[in-house]
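Below is one structure; the comments refer to it alone.
The values are calculated or read from the model by the stated rules, or taken from the named source; none is laboratory data. Just so you know, these numbers come straight off a predicted model, no measurement behind them. Neighbour counts are summed over all protein chains in view; Cβ atoms, including those assigned to glycine, are modelled from backbone coordinates with ideal geometry.
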Amino acid sequence: MNLDLTGKNAFVCGGSQGLGLASAIELALLGANITLVSRNEEKLKKAILQLDTSENQQHQYVVADFENIEEVKKVVEDYHSKNSTVHVLINNTGGPSGGDIINASLQQFEKTFQMHVLCSQFLVQTFVEGMKQARFGRIINIISTSVKQPIIGLGVSNTIRGAMASWAKTLANELGHFGITVNNVLPGFTETERLDYVLGQNALKKKTSLEEEKAIAVKTIPAGRLGKPEDFGAAVAFLASPAASYINGINLPVDGGKTGSL
């Protein structure tokens, strides 16, 4: 099985922590050169030290806030002008705050759509010509199991994640014949700051504790445990590899079997 990403360049959004960093760590282990992207430079400096580095690997980071699309455009265009082809693009950014969809403001929808769909569209348009020329491209979107089964209390997130999934499937159909695959990886309950936030909100509403909510969550998972970031990162790295060249346009849950649909 060919998992070798030596000489390939990966651009990992949300790469300073959580699922983005876990994905970057696994990609680096397969030999890729990593560019981490995040708005927090101090976290990026610490994160890049966690990446495996062989003799020929080079890693770097860029600072960009996905809440400001004009800043993202400026930073990425500058990066693109100074660096070689990006072969692997990991689209990933923070999820919106929770709440019932009926109470969500138009501004919440606009902000989240920009952070996820519009920024991802810009990144793909920026990097796709290099992928076409290389006859190798992997566009992997970290979204949510809500595209298969909407999550109660995450109204805006459910909506925008669904839009990302449909965007990705459309893109997969358009780019597949160039040797470029587009796939979505759907995290379940994984031990990250995001999970602590979501379950913490549940705890506040129910007047329970975070640990109690985690115990409740585990009972819903056939694997009998919360996911670890490296579980998720391994799935992303496989989809980025040459071995996954015929996997295109899918939603892959990495959730221990929790999602109640096929």
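Side notes on the structure shown:
- 3 or more residues hydrophobic (A, V, I, L, M, F, W, C): qualifying strands (runs of 3 or more DSSP E) within the range 26-126: 33-38, 88-91
- Under the condition of being at pLDDT 95 or above, more than 16 Å from residue 185 (Cβ to Cβ) and in a loop (DSSP other than H, G, I, E, B), the residues counted in the range 132-158 number 2.
- Only listed residue being of a type in the set (A, V, I, L, M) and at pLDDT below 90, chosen from 198, 218: 198
- Yes/no for residue 72 being without any contact (Cβ under 8 Å) to a residue 60 or more places away in the chain, in contact with a Ser or Thr (Cβ under 9 Å, 6 or more places away or on another chain) and β-branched (Val, Ile, Thr): no
- Residue list for the range 1-25, filter: polar (S, T, N, Q), in a loop (DSSP other than H, G, I, E, B) and closer than 17 Å to residue 62 by Cα: 16, 17
- Of all the numbered requirements in (1) in contact (Cβ under 8 Å) with a residue 60 or more places away in the chain; (2) assigned by TED's automatic domain parsing to the domain that holds residue 129; (3) out of contact with any Gly (no Cβ under 6 Å at 6 or more places or on another chain), residue 24 misses one, and that requirement is (3).
- The range 133-143, residues that are in contact with a strand residue (DSSP E or B) (Cβ under 6 Å, 6 or more places away or on another chain) and not charged (D, E, K, R): 137, 139, 140, 141, 142, 143
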